[in-house]
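Okay, so here's the structure we're looking at.
The values are calculated or read from the model by the stated rules, or taken from the named source; none is laboratory data. None of these values were measured; they are calculated from a predicted model. Every residue, glycine among them, receives a Cβ derived from its backbone with ideal geometry; neighbour counts consider all protein chains shown.
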Amino acid sequence: MKTIEFSTQLLNLEASLERFAFKLTQKIADAKDLVQETFLKVLINQDKFVNDQNFKAWTFTIMRNTFINSYRQNIRKNTVCDQSKESFFINQTRVFAADDPDSVYAALEITQSIKQLKEIFRVPLEMHINGYKYQEIAEELNINLGTVKSRIFLSRKQLMDQLNT
């Protein structure tokens, strides 16, 4: 493929790339940056493109991989290693509910609503919230896996109904 044809095909994909970038980043400015970075990588790696490949798929793969690599790099930058004996890793980008009074109030309201559920719905939901897997809940409560899933679904539905009124 000649350079002019290559560049023309790349420019024809710009609108599609912008839409895909926005789906990945959820921010217009970040999407535009991602498109520019993708254009740069595509042009730099033009010699690696094989003519019988799908140009659009090749370009979108470069964009997706660029986004994933950037995301992983940002996570590593925002992770701090605690130097204590336990050696915890702390991700600084996380926001805690205690930082926002509205979140604290909402959490209290949800907790009160959970306590009002019937025990057959409350117990599986609380176990799920505490990190138990469906299979572990089924074994602990000596009920079928489908029953656990059903009760958790119904308890969530009841909670939504209570909180929406």
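Quick notes
- Within the stretch 49-89, considering residues that are more than 17 Å from L13 (Cα to Cα) and hydroxyl-bearing (S, T, Y), the one modelled with the lowest pLDDT: S87
- Residues (exposed (fewer than 11 other Cβ atoms within 10 Å of the Cβ) and more than 25 Å from E109 (Cα to Cα)) located in the stretch 119-165: Q135, N142, N144, G146
- Subset of the stretch 38-56 (residues that are under 22 Å from N74 (Cα atoms) and touching a Phe, Trp or Tyr at 6+ places or on another chain (Cβ under 9 Å)): T38
- Among residues of the stretch 1-26 that are in the same structural domain as V42 (by TED's automatic domain parsing) and closer than 17 Å to L43 by Cβ, those with a beta-carbon under 8 Å from a residue that is of a type in the set (S, T, Y) and modelled with pLDDT of 90 or more at least six positions away or on a different chain give the pairs L10/T59; L13/T59; L17/T38; L17/T59; A21/T38.
- Just so you know, in the stretch 1-28 the residues that are out of contact with any Lys or Arg (no Cβ under 7 Å at 6 or more places or on another chain) and part of a loop (DSSP other than H, G, I, E, B) include one that is nearest to W58 (Cα to Cα), and it is M1.
- Search result, residues across the stretch 43-66 that are within 12 Å of L17 (Cα to Cα) and in contact with a helix residue (DSSP H, G or I) (Cβ under 7 Å, 6 or more places away or on another chain): T59, F60, I62, M63
- In the stretch 91-113, the count of residues that are surrounded by 12 or more Cβ atoms within 10 Å (Cβ to Cβ), in a helix (DSSP H, G or I), modelled with pLDDT of 90 or more and touching a helix residue (DSSP H, G or I) at 6+ places or on another chain (Cβ under 9 Å) is zero.
- Scanning the stretch 143-159 for residues that are in a helix (DSSP H, G or I) and more than 27 Å from the chain's Cα centre (by Cα) yields a count of 1.
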